[in-house]
Structures are given as structure tokens and as C-alpha cells.
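Everything below concerns the one structure shown next.
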Amino acid sequence: MNTFFRQAVLSVVALSTLLATCVSPALAELRWEAEDCVVNRDAYRENSQADNLWNLWSTDKDAEKKWSGGVTLQSPVVMADREQPQDGAPPLHLHIGDLPPGRYVLSMKTGRVLGFSLDGKSWRRWQADDSLQVDVGTSGLQWWIDDRYAMAEKEQRGAGYLDTISLVALPQGRKVNGWAKTRPVEKMDRGVVSMPVEGGTRLSWRLLASDGNDATFDVFRVQGDNLHKLNREPIRNTTDYVDTTHEAATSQYLVTKSGDKLSASRAEVLPLVGGLPCRTIRLRDKKATVQKVGIADLNGDGAYDFVLKTPNANIDPWHKYWNPSPETYKVSAYLADGTFLWENDLGWAIERGIWYSPIITYDLDGDGRAEVMAKTGNGDPRDTDGRVTSGPEWLTVWDGMTGKELAKAPWPSRDAFPDYNRASRNQLAVAYLDGKTPCIIALRGTYGVMLAEAYQFHGGRLEALWKYDSRPYGRRYQGQGAHFTLAHDVDGDGRDEVILGSAVLDDDGTPLWTTGKGHPDAAYLADIDPQRPGLEIAYVMETRQQTGGLCVADASTGTLLWELQEPTQHVHSKGLCADIFPEHPGMELYGHDAEDHKLTGRCWLFTAAGKLLEVGNRCNSRGWGFRRSTVYWDADPQKELLTQYVHKPDLDRLSPNWPGRTLLCADLLGDWREEIVVTEPGVLRIYSTPLPAKDRRVCLMQDRLYRLGTAMNAMGYDQDATLSYRFE
């Protein structure tokens, strides 16, 4: 064993001691010369170039400046991919022993492109900036490197190079064992609504998962203290009913599950506003417009209430867009019937932009009443130019009914970030990290370093669970964040993972996988392709790509299933990912490339399986721009498109126009179709579909992925909530 190798082993032992005392491993990188790790040394010769051997090259011009120790392993020239690893030079078998068992990040200083394999059989391309998590057992780490791949760019083809090996030992994850014995079930009433329609009054209500397939329903007209049953036969095919009698316009109604009048629910009347049934929440500030809305049950009555952040204005941390905040954000709460509860001022410690001010509303302690979580600060720590670069920052939990502080914990520190812009990117998420307990996760960073800190709220306080810091995990884990966080069990172990963007954290706070493709503007988790098992993630990639500006990956492994096969600069905003065409199985994926945040005319529409449907002028003719929101509105399983009205992809209108800005779409009232939540000065409007149903489906909010997606829409960029299952 040479001196360098012996020092590396000693460093590993020292690193294990550091990890045991919870010291950050970010700088503990271990390095070896590649030639010291080669087992089959007959695979190379010193300073001898041949077509069938590697060259241990030390006579390169300025070798001491280019290569560690002035030496590198050089492959034969590779002008085209080789069919077999034995073609060209034999694969190099590398091995590092005397390593403490554990998980490491493997990186290698290489030139051009090489072949990499952990078993000598399955190969992948290894680029110069690649890294990989590896599990090391008692026999150490072994892998194979081959010269089987050529550079994609013909003018850059030639020999590949392998110079040094680096390993970083990673901290062990911490499995969460939270307070919940079983996963709490959100209380939901029937959500019964009545609305005027042509020829009468239409009633609509929720089907709950607990109802079962055989459940039927009855509708009653309320006449004083008496109930008059309207339906002759139990209602079983839909969860709606149209009363066409002459009393309909002035009637009140109850809906009950057949044979169980104790569960009767009174219908809420939705008057027509602009030609659509609408619930209106009037704000105390008659000029305020809403930037974000949290949907949750604050008082435990089974109806969804509203937590609002005002005003609807945004300052971006990037220096080209930043300006001083002219006023502060207010967070206020209203019950479902419009009753005002409370208002908290976030103060000058939180600048007036989405990325400074994440909020989320969810029941964290399982008492049936939601709490409100927010990033908060103290006092007025603004610099002379108006930026906030110092002062304490908190993850704060407020009581949903009163707005009073219940608990707080330090927010992930800004100290890990090199500049103001990167430090100012903050998000919040909820995940069931043990499969049962709703946990809150504070996140910081999108474009470089990424931090995540998980807590459970129990006994009136926030209890720390784990922390994630991307720095020890190599370049492929830096800058992988999206503008929206998702949580779901993607690996099938019953515990939620956290989808940061192009990287996914396992439930224990360690990375599960990364595509390494960088920052996506949007990431959609769903059963995108019903013709393959499991869930997929569709990406709309902001980071410049040679290929894959639009792509779909397997959600459990991150393996790319297909990708756009041409370069992109910045596929912008949230694009579209939804099932809008019944003739194509699964969901369609759309995106538009940008230059300096302006449309370039280069856009694409794909099927779930990666078939290109439309491109360029034909795709542009739809007028979708950088994004298109979608909504379940009519009675079929496909989603409709949303502008200032609802329409089909062929522009066939299904609703009149409405004023205001759309905040989100979610299944909040009535049957499984979604409501459209809109902000106007002084009001929040919730529009519901007046169209009759053709079937019945369980309330979408009872799907775990959809429910958390709706909760997370209270922060970050808005993104259509998706389901974990397919409509048939």
C-alpha cells in the first residue's frame, strides 16, 4: 500500500469519528490515484498507446498541470460506441478495500466520456461531472471502467481519461418513528351544494372512500320541520340530482346516505355569479387581492376553510428583478362560510415575494383542526438598500383558529449560500415520513446548495427529525430544486419521499436518486403512462439541456424513460402535464423554450409514451405559451384547459368568462369535479361546475398525492395537483 493510499484510509477512519459526533462531512473528500486502484494491471502499459490497451500516460505536455501527480490513464481513441466492452481496451477492474461500511458518493476526475459498471455487466455513460451514491460493504468497493462510449459531439471525439477517484462518506439517514400509531383520516362532510340550472336546481355532493361501492343516496326537500324525499329510487350512479319541480327555486335540501339519516348534510346554496355557481368570501380589506391560498379544515367541522396571503404581488430575489418591498405580507384566515378569524402581519423581516414567504396549512397533530406554518422573522432587519440578509429566521406554527403562535424552530441557515439570490429561495412541504405521521419540512435553496430540515409537531412543540445538506453528495445533487415540492411514497416502502425537483430524498433524509439534469421549472408526479407499472415524473427543465428539456422518469429510480432529443435553452414555467386527449393513453406533456424569458416559438407536445404529437407552428397555434392550467370540469375523465374560461383543446367553451386571477383548482365542493379559486379585489371566489355528472368518483382530496399537492399550492409556483391513480 503506497503512502497516499494509506493516508486516505486513515482519513476515512477519522471521518467516521467526525460523523459519529455529527460534524458536517462537507469537506471530508478522500482521493486516490486511479492507477493505484486497478486490479487487472495487465490492462495498461506505461507511455505506450495501442488500440487494445490503456496507456498510463506521464509524457503528456504539461502533464503536471493537467493530471494529478502528472499521470493519467488514457484509453484508445473512441470514434464510435463499441458494441461489446471487450472491444478496444479491456475494462479496468477497480477496487478500494479497507473502507468502513456505509454509503458514499463516488466521483472520478475523467476526460471525455467513459463506460461505468458496478457489476461488469450493466453499463452506463460516465461524464466528467458525474457522481454516484454507492453502498460499501465489508469487502470494500469495486467497479469497472471501459472505453466503450464516444462523445456525442463528433469534433470532440478521441481518447477518454481516468485520473483520480474521490469518495465522500455520507451520514446515515434517520428513520422517522413519529407520534401517529395510524395515519389520521381527514374529516370530510358531504360538501353538498345546490345551484340554479336551466329548468330547476342541481344538487351535488361528495362520495367518500368510506362509503363503499354499494352506497346509495337520498335527497330531501326541507319543509319546515318535515322532510320530503324527492328521489323514487336510491341514487347510485352519480352524486348529483336535479330538482325540476316548481318549488325548486326556493327550496332547501338535505342529502343522506340511504338508510342513515343521522349523516344528513344540508345543501349550501351557490348563487350564479357571472353565469357560474359561486361561493364568495369577502375580505376585510376591500382592495386586497390574494397571492396564495391554503385549503384546510381549521375548526374540525369537515368543511374546507381558507388561509390567505395578501397582497397579490411578487418580488424576485434575482438582481435583475429585485426591488425593495413597498409593504408587508398579511396572512389571514376565514371559515368556509366567510367568517373572518384572524390576521397576522409577516413584518419587514419577510420580504414581499413568493420565495421569502412560504406558508402551508395542514393538520400536523391529528386533532382534526389544521395548523398554519410559515417562515417568519423578528423586527426590521432590512439592510440600507431594503434587502434582508441577517437576523433570526423561524419555522413558526400558528393555531389555525386564532393565529396565535404554538411553536417555532430555527429555519435552515442562510450561511451555506454564496449569495443573496440563492439564499432567498425558501419552501415548505408536508410528508408522511413514517407513513403515518404528517411531518413538516422547511427547505432552502434551489439553484446550488439545497437544505431540508424535517420536524414533527407533537405535544405543542416542533421535534427535529433529520437534516439534509446537498453539499456532501457531489455535483449531481447541487442545483436540482424545482419551484414546487412534492411528497409521496415513490419506492413502495409505505413512507413518503420528498421530491425536491430533479433529486428525490428518501424518507430518512438521504438522497434516493437524482437525474443530475439540474433545475426544473416544474415536475409532475403521477401515473403518467398507464401502459407501464408505477408512477412517473414529468420534467419541464429550465436548465439548458443537450437533450431532455422535456422528459419523463421512473419515479422509483429516476431512470429516464424518454426525453426530447434536441437542445433547449430554458423550457419555461409549468408547461402542461395532463390527460387532455382521450385518443392517446395517459397524460400529455407540453413545454415551450425561452430566451431571456421570452417565447422562442420552439415548443413540443408529447404523449405519455414519448411520441411527438405537435411541434413548432402547429403547437404554437394552440396559443398555450409557457403554460396552461387544467381542470376537471365536465363529466369525462379528461381534463379541460383553463384561461379566463374553461374550454376543450379544440377551444370549445364550457363556461363563460370570469374576472380576476385564478389561484388554483381543487375538488373542494360537491362531486369529484374541481372548483376554480379566483382572486378579485376584496373577494375570493370559488366557482363550481354546473354541468351534470355521468358517473361518480371518490372525492379527489382523499387521494394522498392530490391532497398534499393541494396543500403545497399555498407556496411556491402554482402547479396542478395530480392523482396517484388513473381514471378508467
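The values are calculated or read from the model by the stated rules, or taken from the named source; none is laboratory data. These figures come from a predicted structure and were not determined experimentally. When we count neighbours, we look across all protein chains shown, and the Cβ atoms used for this are built from the backbone with ideal geometry, even at glycine. We work out accessible area using only protein heavy atoms, side chains counted, and drop any ligands, DNA or RNA first. Shrake-Rupley method; radii C 1.70, N 1.55, O 1.52, S 1.80 Å.
Values for this structure:
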| quantity | calculated |
| --- | --- |
| Protection proxy ranking of 61-69, 251-259 - average other beta-carbon atoms within 10 Å, highest first | 251-259, 61-69 |
| R0 of 35 Å, Cβ-Cβ distance Ser48-Gln565: FRET efficiency to nearest 0.05 | 0.35 |
| Heavy atoms of Glu563: accessible area, 1.4 Å probe, square angstrom to 10 | 50 Å² |
| Options Trp658, Val39, Leu170, ranked by Cα towards positive dipole end of the chain, top entry (Cβ charges) | Trp658 |
| Pairs from Lys375/Lys436; Lys65/Lys320; Lys286/Lys408 whose Cα-Cα separation, in the structure shown, is over 28 Å | Lys65/Lys320; Lys286/Lys408 |
| Mean Cβ neighbour count within 10 Å, used as a protection proxy, ranking 502-513, 320-331 highest first | 502-513, 320-331 |
| Segments 136-143, 75-82 sorted - mean Cβ within 10 Å per residue, highest first | 75-82, 136-143 |
| Solvent-accessible surface ranking, highest first, for His592, His95, His319 at 1.4 angstrom | His319, His95, His592 |
| Extension gain from Glu233 to Glu405, taking 0.36 nm per residue of separation minus the Cα-Cα distance | 56.8 nm |
| Calculated log₁₀ intensity ratio I(q)/I(0) where the Debye formula runs over C-alpha points of the chain, q = 0.05, 0.09 Å⁻¹ | -0.29, -0.86 |
| Protein-only accessible surface order, largest first, of Phe340, Phe417 at 1.4 Å | Phe340, Phe417 |
| Residues of the chain: accessible area per residue with a 1.4 Å probe, Å² | 40 Å² |
| Simple spin-label estimate for Thr216 and Leu654 in nanometres, 7 Å along Cα-Cβ | 3.0 nm |
| Debye intensity ratio in log₁₀ form over the Cα atoms of the stretch 182-314, taken at each q of 0.19 Å⁻¹ | -1.15 |
| Computed accessible area, Ile350, all protein chains, 1.4 angstrom probe, square angstrom | 0 Å² |
| Förster radius 22 Å - calculated FRET efficiency between Thr600 and Asp316, Cβ distance, rounded to 0.05 | 0.55 |
| Selection from Ala89, Thr280, Gly460 lying farthest towards where the dipole of the chain points positive, charges on Cβ | Thr280 |
| Angle between the chain longest axis and helix 3-20 axis [Cα atoms, degrees, rounded to 10] | 30 degrees |
| Per-residue SASA entry for Tyr725, accessible area with 1.4 Å probe, Å² rounded to 10 | 90 Å² |
| Calculated [θ] (222 nm, deg cm²/dmol) that DSSP helices of n ≥ 4 give over the chain, each run adding -39,500 (n - 2.57) | -1500 deg cm²/dmol |
| Protein accessible area in the chain, 1.4 Å probe - carbon and sulfur % | 48 percent |
| Among beta bridges that DSSP assigns inside the chain, antiparallel share in %, nearest 5 | 95 percent |
| Which of Glu680, Glu233 is most accessible, then next, and so on - probe 1.4 Å | Glu233, Glu680 |
